[in-house]
1. Determine which member of the set Leu63, Leu57 is without any contact (Cβ under 8 Å) to a residue 24 or more places away in the chain, among the hydrophobic types (A, V, I, L, M, F, W, C), in a helix (DSSP H, G or I) and on the phi < 0 side of the Ramachandran plot.
2. Considering Asn96, Asn37, which residue is out of contact with any Asp or Glu (no Cβ under 8 Å at 6 or more places or on another chain), crowded, with 20+ Cβ neighbours inside 10 Å and either without any contact (Cβ under 8 Å) to a residue 24 or more places away in the chain or of a type outside the set (Phe, Trp, Tyr) (or both)?
3. Looking at Leu112 and the list (1) touching a strand residue (DSSP E or B) at 6+ places or on another chain (Cβ under 9 Å); (2) surrounded by 18 or more Cβ atoms within 10 Å (Cβ to Cβ), which single condition is not satisfied?
4. For Asp91, are the conditions met, namely being at pLDDT 95 or above, over 21 Å from Gly19 (Cα atoms) and not hydroxyl-bearing (Ser, Thr, Tyr)?
5. Please work out if Ser10 is closer than 13 Å to Cys68 by Cβ, polar (S, T, N, Q) and not in a strand (DSSP E or B).
6. Identify, from the list Asn65, Asn59, the residue that is over 28 Å from Trp149 (Cα atoms), among the polar types (S, T, N, Q), buried (at least 18 other Cβ atoms within 10 Å of the Cβ) and more than 15 Å from the chain's Cα centre (by Cα).
7. Filter segment 67-85 for residues that are within 18 Å of Ala100 (Cα to Cα), without any contact (Cβ under 8 Å) to a residue 40 or more places away in the chain and either polar (S, T, N, Q) or touching a Ser or Thr at 6+ places or on another chain (Cβ under 7 Å) (or both) and give the result.
8. Does any residue of segment 158-165 turn out to be small (Gly, Ala, Ser), buried (at least 21 other Cβ atoms within 10 Å of the Cβ) and either farther than 27 Å from Glu73 by Cβ or under 17 Å from the mean Cα position of the chain (by Cα) (or both)?
Amino acid sequence: MGLIKNYSSSHQILIVGDGDFSFSACLAKAFGCDASNMTATSLDSQRFLTLNYASALSNLTELKNRKCSVMHEIDATEMASHSILGTMKFDRIVFNFPFAGFFYDLPRSSQLLRHRELVSEFMKNAKEMLSESGEIHISHKTNGFFDQWNLESLANSNGLKLVEAVDFNNVDYPGYNTKYGFGGDGNFNSSPSNTYKFARLS
C-alpha cells in the first residue's frame, strides 16, 4: 500500500485546483505504478496549463502513466453537479491553498469576502461528494490576511466540523510546487501553513 503523509492508495482521492499538477504527481509517485484511486482536476484547460506552467505537461504525463484520472475545466464551486464527478464519492477531497484571484482594486474586506465565498462554495460541493467517513482537506496559510478567512466558521455553516489541523510542510511532498495560479509559474512561500481536515457534522 502506498502512503504519503495524510494520504494512502487505499483512499479514493479527489484533488482540485492543482496549479501545475505537481501535488497530484507527488502523490501518484508515492502510490507506485497504480494511482487509479486518484482523480486530479484543474479549473484551467490543458492548453492553458501547458502554455503557462513549465512542468505541467511532464506532470500530466506522469499521472496518466500511473493511471490517475485527469480532468480539466472543473470548477470546484460547481463540481457536485458535474455529469461524471457528481456521481462519484471520495474519501479525501483536497484543495491546497484556495485563492479566488488578485483584486488589487478592491478594499481588503471585499477581497476577503470573495476568498471566503470560494471556500464556502467548494465546501458545499465537496460535502455532497464525500464517502461516509470522508474528509475535506484544505491547506492554507495561517498568518496575516489569510488568518482572517476563518475556515472553521465556513465549515460549520456548511454542515462540516474541524477534525484536526496539522502543520503543512512542503518538504513532506517531494516535487510539489506551490504555484501562484492564474498562469503565474512562480512559487509562493507556503510557510506558515496548516492542513485543515473537515468531516460532516454527525
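1. Just a single option satisfies the conditions, and that option is Leu57.
2. Values: Asn96 fails: out of contact with any Asp or Glu (no Cβ under 8 Å at 6 or more places or on another chain).
That would be Asn37, the only listed residue that is out of contact with any Asp or Glu (no Cβ under 8 Å at 6 or more places or on another chain), crowded, with 20+ Cβ neighbours inside 10 Å and either without any contact (Cβ under 8 Å) to a residue 24 or more places away in the chain or of a type outside the set (Phe, Trp, Tyr) (or both).
3. Leu112 satisfies all of (1) touching a strand residue (DSSP E or B) at 6+ places or on another chain (Cβ under 9 Å); (2) surrounded by 18 or more Cβ atoms within 10 Å (Cβ to Cβ) except (1).
4. Numbers: at pLDDT 95 or above: yes; over 21 Å from Gly19 (Cα atoms): yes; not hydroxyl-bearing (Ser, Thr, Tyr): yes.
So Asp91 passes the test.
5. Values: closer than 13 Å to Cys68 by Cβ: no; polar (S, T, N, Q): yes; not in a strand (DSSP E or B): yes.
Considered against the rule, which asks whether it is closer than 13 Å to Cys68 by Cβ, polar (S, T, N, Q) and not in a strand (DSSP E or B), Ser10 comes out as no.
6. Details: Asn65 fails: buried (at least 18 other Cβ atoms within 10 Å of the Cβ).
Testing whether each residue is over 28 Å from Trp149 (Cα atoms), among the polar types (S, T, N, Q), buried (at least 18 other Cβ atoms within 10 Å of the Cβ) and more than 15 Å from the chain's Cα centre (by Cα) leaves just Asn59.
7. The initial filter retains those residues of segment 67-85 that are within 18 Å of Ala100 (Cα to Cα), namely 72-79.
When the remaining residues are screened for being without any contact (Cβ under 8 Å) to a residue 40 or more places away in the chain, the result is 72-73, 75.
Answer for segment 67-85, where residues must be within 18 Å of Ala100 (Cα to Cα), without any contact (Cβ under 8 Å) to a residue 40 or more places away in the chain and either polar (S, T, N, Q) or touching a Ser or Thr at 6+ places or on another chain (Cβ under 7 Å) (or both): His72, Glu73.
8. Residues of segment 158-165 that are small (Gly, Ala, Ser), as a first pass: 159, 165.
This time we only want the ones that are buried (at least 21 other Cβ atoms within 10 Å of the Cβ), so: none.
No, segment 158-165 has no match at all.
The values are calculated or read from the model by the stated rules, or taken from the named source; none is laboratory data. Nothing here was measured: the structure is a model prediction, and the numbers come from that model. We place every Cβ from the backbone using ideal geometry, glycine too, and count neighbours over all the protein chains shown.
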